[in-house]
Each structure stands twice: as C-alpha cells, then as structure tokens.
Amino acid sequence: MSSLLTREEYEAISKAMVLPTGSFIDGRARAASTGATFETINPATGAPLAQIASCSQEDVDLAVEKAREAFDDGRWTRVHPSDRKRILIKLCKLIRRNQHELAVLESIESGKPIQDIETVDIPETLHCLEWHAETADKIYDQVAPAGDDAVAMVVREPIGVVACILPWNFPLLMAAWKMGPALAAGNSVIIKPAEQTSMSTLRLAELAHEAGIPRGVLNVVTGLGETTGKALGLHADVDMVSFTGSTEVGRMFLEYSAQSNLKKIVLECGGKNPCVVMDDAENLDVVASHATQAVFWNMGENCSSNSRLIVHEKVKEALVERILHHVRDWRTGDPLDPSNRLGAIVSKEQYDTILGYIEKGKQEGANIVLGGRAISEGNGYFIEPTIFDNVRPDMTIAREEIFGPVLSIITVSSGDEAVQVANDTPYGLAASVFTSNVKRAHRMARAIRAGTVTVNCYGEGDASTPFGGYKQSGFGGRDNSIHAHDQYTELKTIWIDISDSDVEDAID
Ligand code: NAD
C-alpha cells in the first residue's frame with residue numbers, strides 16, 4: 001500500500017485530473033439520451049465540480065438491455081471461474097496503480113478526509129474485491145441424499161441482471177461490497193451511484209473495462225434517485241436490486257419490486273447504533289479512543305456510527321473526560337490535507353439536517369459538552385464534532401439517525417437497563433459493548449438485537465463476516481462474506497433419474 005502524499009501533491013492531482021461525467025454503458029462513456037445533466041459540487045468549497053449525465057428511463061432501458069445481452073450470451077457468465085477471478089484481481093492491480101487519483105476523486109466529491117480514503121476505504125475496497133474474486137473458483141455445489149435411483153444436484157447459478165443502488169458515504173467501498181460478489185458469481189451489474197458521488201464509481205468502471213471485464217457486464221447509470229433509481233427499481237428485466245441507503249428509500253424498493261416483476265431485493269439501511277460501556281470496562285482510555293472513532297469517523301456519516309453512548313453512571317464522568325481528550329486529535333478542515341481527520345459534510349442539505357438536529361437537542365434539554373456549531377471555512381460545509389450529555393432515550397437526537405458528527409450520551413445504572421435502552425430503537429445494524437466480564441460480554445452480545453455486535457472494540461467485522469441489519473436496518477440478506485455470494489445466486493435443483501430396470505444387469 002502506498003503512503004500518503006502531501007496536501008500540495010493531492011491538490012496537483014486534483015487540478016490535473018480529467019473528471020468522468022458520462023454514464024458508462026456497454027463499455028463506453030455516454031451523455032444522457034436527453035442531454036440532461038445535474039451538477040455535482042465540492043462540499044469542502046461549495047464550488048461546482050462537474051455536470052454529470054442525468055440518465056432517463058431510455059438510458060436505464062439501454063443499460064438493462066446491454067446487461068441482459070451480456071448475461072445471455074455468456075461472455076462473463078460462462079467464462080471459466082478462474083478467469084473471472086484473474087480479471088477481478090487485475091482490476092485490483094489497476095486500482096492500486098490509480099489509488100491516489102481515485103482517492104482525490106472520492107474526496108473532492110464527498111468531503112471525506114483523504115487520510116481515511118487512502119488508509120481505510122481503498123485498502124478495504126481492494127480486500128473486498130480480492131476476497132470475492134477468490135471465491136469464484138473455490139465454491140462447490142452440493143449433491144443431495146436422494147437415494148440410489150436419482151442424482152439430485154443442488155447448484156448455484158448467477159441471478160442475471162443485478163442493479164446496485166449506492167449511498168454517498170463510502171462510494172468506492174459500497175460499490176465493491178456489491179459488485180465484488182455479484183461479478184464473482186457471474187452476474188451482469190448496473191450500478192447507480194448516489195448523485196453526490198458519481199465520479200469515483202465511473203472511474204472504477206473504466207478500470208474494470210481496462211482489466212478485461214467485457215462490455216455490458218459492468219455498467220454505471222448516473223442520475224437522480226427518483227428518476228434513474230426508480231427506473232431500475234421498476235424495471236421488468238432487472239432480476240435483483242441490492243440497495244444501501246436510508247430505510248425510507250429502501251422501503252420504496254420493496255414497493256417497486258411488488259409493482260413490477262418481484263425482483264429480489266436486498267436492503268442495507270440506516271442505524272442508531274449503541275455503544276454500551278459498563279462499569280467494569282477494562283481500560284477507559286482505550287474505550288474512549290474506540291468511542292470517539294465510533295461516532296466521529298467519516299464525520300459520523302456512517303451507517304454503523306455508534307451515535308448513542310450508553311454508559312454506566314459509575315464510569316460516565318471519567319469516560320467523558322477521556323473522550324474529550326481524544327477528540328482534540330480530530331482536527332476538522334480541508335479534506336485534501338492528510339493531517340485532517342474530519343472533512344466536510346457531503347452536501348448543504350445534509351449540513352442543514354445535522355445543524356437542525358443539534359438545535360433540536362438543545363431545545364429538548366440535552367447539554368452540549370462539546371461543539372454544536374458550524375465551522376466557517378470558505379463556503380464549505382463543516383460542523384464541529386458535537387457531544388450532548390444528559391440525553392434521555394426519548395429525545396429526538398437519541399432516536400433518529402443524524403448521520404453527522406453528533407454523540408448522545410445516555411446514563412444507565414445497570415446492565416439490564418443498558419440492554420433495554422440499546423434495543424429501544426426501530427434499527428438494529430450494529431452495536432459495541434465494553435466490559436471485562438466474559439459472561440456479561442456474551443450475554444449482552446446475544447441480547448442486543450443487531451446484525452453485528454463488537455466486544456471491547458468498535459468495528460464492522462471484515463470481508464469474511466456478514467454485515468447487515470436486524471429490524472428496519474435491513475432486509476433480505478447481508479453484504480460481505482460467503483453469505484453475500486449466496487445472495488447473488490439462485491439455487492437450482494437438478495434431479496436425474498438413474499433408476500434402471502436393467503440395473504442388476506448393469507451392475508453385473
Ligand atoms: P438515500 O436513501 O437517500 O439514497 C440511497 C440511494 O438511493 C441513492 O443512490 C439515491 O439516488 C437513491 N434514491 C433516492 N431516492 C430514490 C427513489 N425515490 N427511488 C429510487 N432510488 C432512490 O441514502 P443516502 O443519503 O445516499 O445514504 C445515507 C443512508 O445510507 C443512511 O441512512 C445510512 O445509514 C445508509 N447506509 C447504510 C449502510 C449499510 O450497510 N447498512 C451503509 C452506508 C449507508
């Protein structure tokens with residue numbers, strides 16, 4: 001993995017870069033059929049970056065037609081699995097070679113700190129793609145115990161045309177989570193990136209084409225959710241939608257499926273994740289470091305952000321003091337400066353939403369112990385890391401996903417109360433538990449209704465473990481791990497009658 005460059009070097013890359021702005025269908029960049037575009041901005045400056053193709057129904061129809069053609073003629077599906085693997089690994093090599101350019105592209109359109117993209121997003125994107133590439137020639141089908149008169153094979157086949165609808169908070173990584181297993185399994189893929197962050201996905205598609213993924217197999221349609229996204233959701237020839245985004249929009253995809261062809265739907269949605277710290281937590285300084293990372297990483301624009309700190313009253317004061325100490329290292333500013341750990345909020349809309357929640361927290365009586373204001377830095381959208389104490393579980397800031405750098409501290413006096421508060425949410429994506437008691441760790445990990453529970457650390461597991469949500473945080477499957485591979489395939493039974501009246505003769 002290459003090391004970080006200087007701010008000046010990143011700025012030079014940014015100035016020299018040719019920005020990809022057309023959709024990518026059937027192996028080439030295209031303007032929208034209507035010529036329509038939408039503007040994408042740099043949230044760190046508020047300045048326009050580019051005009052991106054705004055794909056209409058006609059463009060989506062073309063992408064689906066080309067993806068279907070590619071699937072049906074077998075140019076990828078029937079390529080030997082080890083060759084599919086080889087091409088996906090080559091894509092990883094090209095990503096490595098173009099790492100700094102991809103990182104800058106992602107940073108200028110999303111406001112993410114370049115430090116995070118270079119040290120987390122891109123390495124994890126590579127790990128994910130390589131992990132799934134390796135599955136292509138290592139997964140076996142099954143033979144069922146059907147007796148002597150039949151051979152009953154249970155085989156997995158690619159589903160067909162898979163639409164991947166992405167959020168803006170981890171553009172490259174979310175693309176990898178979906179296209180990695182979908183392509184390894186042999187599907188044709190159409191990605192619709194979030195409108196705020198189209199360009200890094202477009203560049204990824206160009207690199208995939210260069211690596212040898214045949215035309216039509218990986219397409220990117222850029223555009224707005226209510227037009228381009230909806231057209232994919234309702235399309236009668238899309239076999240599956242894999243969606244990551246808000247619970248509200250996720251619900252719409254279930255409706256689109258019901259109204260069209262009952263396409264398979266997998267949803268990864270929002271979260272209001274608890275970080276539970278008990279009075280026997282081993283080292284409060286380490287806990288504070290995790291808790292700080294858990295809420296402020298990626299400016300809190302993170303589905304698994306631990307935005308509720310549920311802490312035992314006996315250690316509350318000491319923990320808050322240490323968190324305040326750790327936050328001092330989290331400098332906010334220009335995302336292209338590698339020493340900044342917090343960048344800009346992705347858009348004016350999201351910035352206003354977060355500031356609205358901060359106002360609501362104050363009005364409902366929570367105490368601000370840190371931050372709480374916008375940071376004026378040019379025309380960019382920056383917000384101070386913010387911590388509210390004395391938050392009650394019924395307050396808006398404790399119930400709704402803020403998707404910003406805002407921590408709500410809720411004090412409890414027992415483990416049972418901690419679990420009850422942790423579960424008092426319509427979401428169930430992730431949770432962390434800090435305790436030195438092994439029995440309590442196991443019991444709490446089981447009792448908290450979330451797809452991932454980490455103990456004595458904050459995280460999401462890795463490429464080898466499933467990630468997704470209980471309750472309204474998810475539906476229909478999981479990203480990551482072999483389970484993700486399974487969800488991009490259909491199960492088929494092939495039953496072969498081998499009974500034979502002459503069987504005795506045959507054996508003789
Ligand atoms: P969003 O739901 O607004 O948008 C997600 C995608 O859906 C975008 O591509 C958007 O264009 C599209 N879309 C929007 N409206 C649509 C419509 N009417 N029809 C069809 N498509 C439509 O989400 P976002 O703001 O981009 O991302 C933030 C959300 O994503 C948060 O709730 C976060 O928790 C969630 N998220 C979840 C995970 C996870 O793995 N569970 C990961 C990252 C983000």
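The values are calculated or read from the model by the stated rules, or taken from the named source; none is laboratory data. Computed from a predicted model, the values in this text were never measured in an experiment. Backbone-built Cβ (ideal geometry, glycine too); neighbour counts: all protein chains shown. Accessible surface areas use protein heavy atoms only, side chains included; no ligands, DNA or RNA. Shrake-Rupley method; radii C 1.70, N 1.55, O 1.52, S 1.80 Å.
Of all residues in the range 133-154, how many are in contact (Cβ under 8 Å) with a residue 24 or more places away in the chain and within 30 Å of Gly212 (Cα to Cα)?
Qualifying residue count for the region: 6.
Among Glu109, Glu157, which is open to solvent by 40 Å² or more (accessible area, probe 1.4 Å) and in contact (Cβ under 8 Å) with a residue 40 or more places away in the chain?
Working: Glu109 fails: open to solvent by 40 Å² or more (accessible area, probe 1.4 Å).
The match here is Glu157.
Checking the structure you have, find out if any residue of the range 272-284 is over 30 Å from Glu321 (Cβ atoms) and either within 7 Å of the ligand (Cβ to nearest atom) or surrounded by 24 or more Cβ atoms within 10 Å (Cβ to Cβ) (or both). Give the steps one after another, and end with the answer.
To start, the set of residues in the range 272-284 that are over 30 Å from Glu321 (Cβ atoms) comprises none.
Looking through the range 272-284, none of the residues is over 30 Å from Glu321 (Cβ atoms) and either within 7 Å of the ligand (Cβ to nearest atom) or surrounded by 24 or more Cβ atoms within 10 Å (Cβ to Cβ) (or both).
Collect the residues in the range 329-372 that are loosely packed, with under 15 Cβ neighbours inside 10 Å, assigned to a loop (DSSP other than H, G, I, E, B) and more than 28 Å from the chain's Cα centre (by Cα), keeping them in residue-number order.
Correct list: Gly365 only.
Kindly provide the set of residues from the range 444-465 that are more than 18 Å from His485 (Cβ to Cβ) and either hydrophobic (A, V, I, L, M, F, W, C) or not in a loop (DSSP other than H, G, I, E, B) (or both), ordered by number.
The answer is Met444, Ala445, Arg446, Ala447, Ile448, Ala450, Thr452, Val453, Thr454, Val455, Cys457.
With respect to the numbered conditions (1) within 27 Å of Phe71 (Cα to Cα); (2) among the β-branched types (Val, Ile, Thr); (3) within 19 Å of the chain's Cα centre (by Cα), which one is the sole condition not fulfilled by Val249?
(1)
Among the numbered conditions (1) touching a helix residue (DSSP H, G or I) at 6+ places or on another chain (Cβ under 8 Å); (2) open to solvent by 10 Å² or more (accessible area, probe 1.4 Å); (3) away from the ligand (no atom under 16 Å from the Cβ), tell me where Ala146 comes up short.
(1)
Being over 26 Å from Val241 (Cα atoms) and either in contact with a Gly (Cβ under 7 Å, 6 or more places away or on another chain) or not small (Gly, Ala, Ser) (or both) narrows it down to one residue among His100, His80, His127, His132; which is it? Show your work before the answer.
Numbers: His80 fails: over 26 Å from Val241 (Cα atoms); His127 fails: over 26 Å from Val241 (Cα atoms); His132 fails: over 26 Å from Val241 (Cα atoms).
Residue meeting the stated conditions: His100.
Grab the strands (runs of 3 or more DSSP E) fully contained in the range 24-63, keeping just those with 3 or more residues being over 30 Å from Glu377 (Cβ atoms). Give the derivation first.
Values: elements: 28-30, 37-42, 47-53.
Once the strands (runs of 3 or more DSSP E) in the range 24-63 are filtered for at least 3 residues that are over 30 Å from Glu377 (Cβ atoms), what remains is 28-30.
Answer with yes or no whether Gly216 is within 16 Å of the ligand (Cβ to nearest atom), on the phi > 0 side of the Ramachandran plot and either at pLDDT below 95 or not polar (S, T, N, Q) (or both). Steps first, please.
On the way: within 16 Å of the ligand (Cβ to nearest atom): no; on the phi > 0 side of the Ramachandran plot: yes; either at pLDDT below 95 or not polar (S, T, N, Q) (or both): yes.
So Gly216 fails the test.
What pairs come out if I take residues in the range 338-360 that are free of Cβ contacts under 8 Å to residues at least 60 places away in the same chain and pair them with residues that are in a helix (DSSP H, G or I) and among the hydrophobic types (A, V, I, L, M, F, W, C) whose C-beta lies under 6 Å away, six or more apart or interchain?
Tyr357/Ile397
Within the set of pairs 6+ apart or on separate chains, which have a first residue in the range 76-97 that is closer than 15 Å to Trp131 by Cα, a second that is among the basic types (Lys, Arg) and surrounded by fewer than 20 Cβ atoms within 10 Å (Cβ to Cβ), and C-beta atoms under 9 Å apart?
Pro81/Lys138; Lys85/Lys138
Please work out if Ile310 is in contact with a Pro (Cβ under 8 Å, 6 or more places away or on another chain) and not in a helix (DSSP H, G or I).
Working: in contact with a Pro (Cβ under 8 Å, 6 or more places away or on another chain): yes; not in a helix (DSSP H, G or I): yes.
Taking the combined requirement at face value, the residue satisfies it.
Would you be able to say whether some residue in the range 423-434 is surrounded by fewer than 20 Cβ atoms within 10 Å (Cβ to Cβ) and within 13 Å of the ligand (Cβ to nearest atom)?
Let us first name the residues in the range 423-434 that are surrounded by fewer than 20 Cβ atoms within 10 Å (Cβ to Cβ), namely 423-424, 426.
Restricting the remaining residues to those that are within 13 Å of the ligand (Cβ to nearest atom) gives 426.
Checking the range 423-434: at least one residue is surrounded by fewer than 20 Cβ atoms within 10 Å (Cβ to Cβ) and within 13 Å of the ligand (Cβ to nearest atom).
Glu255 passes all but one of (1) within 10 Å of the ligand (Cβ to nearest atom); (2) open to solvent by less than 60 Å² (accessible area, probe 1.4 Å); which number fails?
(2)
Can you tell me which residue within the range 40-57, out of those that are open to solvent by 40 Å² or more (accessible area, probe 1.4 Å) and β-branched (Val, Ile, Thr), is farthest from Leu342 (Cα to Cα)?
Ile41
Could we say that Gly250 is more than 27 Å from Ser432 (Cβ to Cβ), within 15 Å of the ligand (Cβ to nearest atom) and buried (at least 22 other Cβ atoms within 10 Å of the Cβ) here?
Values: more than 27 Å from Ser432 (Cβ to Cβ): no; within 15 Å of the ligand (Cβ to nearest atom): yes; buried (at least 22 other Cβ atoms within 10 Å of the Cβ): yes.
For Gly250, the condition - more than 27 Å from Ser432 (Cβ to Cβ), within 15 Å of the ligand (Cβ to nearest atom) and buried (at least 22 other Cβ atoms within 10 Å of the Cβ) - is not met.
Every residue, every condition in (1) of a type in the set (A, V, I, L, M); (2) within 10 Å of the ligand (Cβ to nearest atom); (3) within 15 Å of the chain's Cα centre (by Cα), yes or no:
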residue: Met174; (1), (2), (3): yes, yes, yes
residue: Ser188; (1), (2), (3): no, no, no
residue: Ala194; (1), (2), (3): yes, yes, yes
residue: Met199; (1), (2), (3): yes, no, no
residue: Leu202; (1), (2), (3): yes, no, no
residue: Gly229; (1), (2), (3): no, yes, no
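Just name the residue that is farthest from Gln420 (Cα to Cα) out of those in the range 285-311 that are aliphatic (A, V, I, L, M) and within 16 Å of the ligand (Cβ to nearest atom).
If we filter the range 285-311 for residues that are aliphatic (A, V, I, L, M), which is where we start, we get 286-288, 291, 294-295, 299, 309-311.
Subsequent filtering for residues that are within 16 Å of the ligand (Cβ to nearest atom) retains 294-295, 299.
Working: Ala294: 21, Val295: 21, Met299: 27 Å.
Checking each candidate, the answer is Met299.
Give Val143, Val155, Val79 a once-over and let me know the one that is hydrophobic (A, V, I, L, M, F, W, C) and in contact with a Leu (Cβ under 9 Å, 6 or more places away or on another chain).
Numbers: Val143 fails: in contact with a Leu (Cβ under 9 Å, 6 or more places away or on another chain); Val79 fails: in contact with a Leu (Cβ under 9 Å, 6 or more places away or on another chain).
Of Val143, Val155, Val79, the one residue that is hydrophobic (A, V, I, L, M, F, W, C) and in contact with a Leu (Cβ under 9 Å, 6 or more places away or on another chain) is Val155.
Going through the range 186-221 one residue at a time, which ones are in contact with a Pro (Cβ under 6 Å, 6 or more places away or on another chain) and basic (Lys, Arg)?
Once the filter is applied, which keeps residues that are in contact with a Pro (Cβ under 6 Å, 6 or more places away or on another chain) and basic (Lys, Arg), the range 186-221 yields only Arg203.
Whether any residue in the range 375-395 is part of a loop (DSSP other than H, G, I, E, B), within 22 Å of Ala430 (Cβ to Cβ), of a type in the set (A, V, I, L, M) and at pLDDT 95 or above is what I want to check.
Yes, the conditions are met somewhere in the range 375-395.
Let me confirm something: among Thr21, Thr37, which residue is crowded, with 17+ Cβ neighbours inside 10 Å, without any contact (Cβ under 8 Å) to a residue 60 or more places away in the chain, within 26 Å of the chain's Cα centre (by Cα) and on the phi < 0 side of the Ramachandran plot? If you could, list the steps in order and put the result at the bottom.
Working: Thr21 fails: without any contact (Cβ under 8 Å) to a residue 60 or more places away in the chain.
None of the other options fit; the residue is Thr37.
Within the range 205-217, which residues are open to solvent by less than 10 Å² (accessible area, probe 1.4 Å) and under 17 Å from Ala67 (Cα atoms)?
Passing the criteria: Ala205, Ala208, Ile213, Gly216, Val217.
How many residues are over 24 Å from Ser473 (Cβ atoms), within 12 Å of the ligand (Cβ to nearest atom) and surrounded by fewer than 22 Cβ atoms within 10 Å (Cβ to Cβ) if we restrict to the range 235-247?
Looking only at that region, the number is 0.
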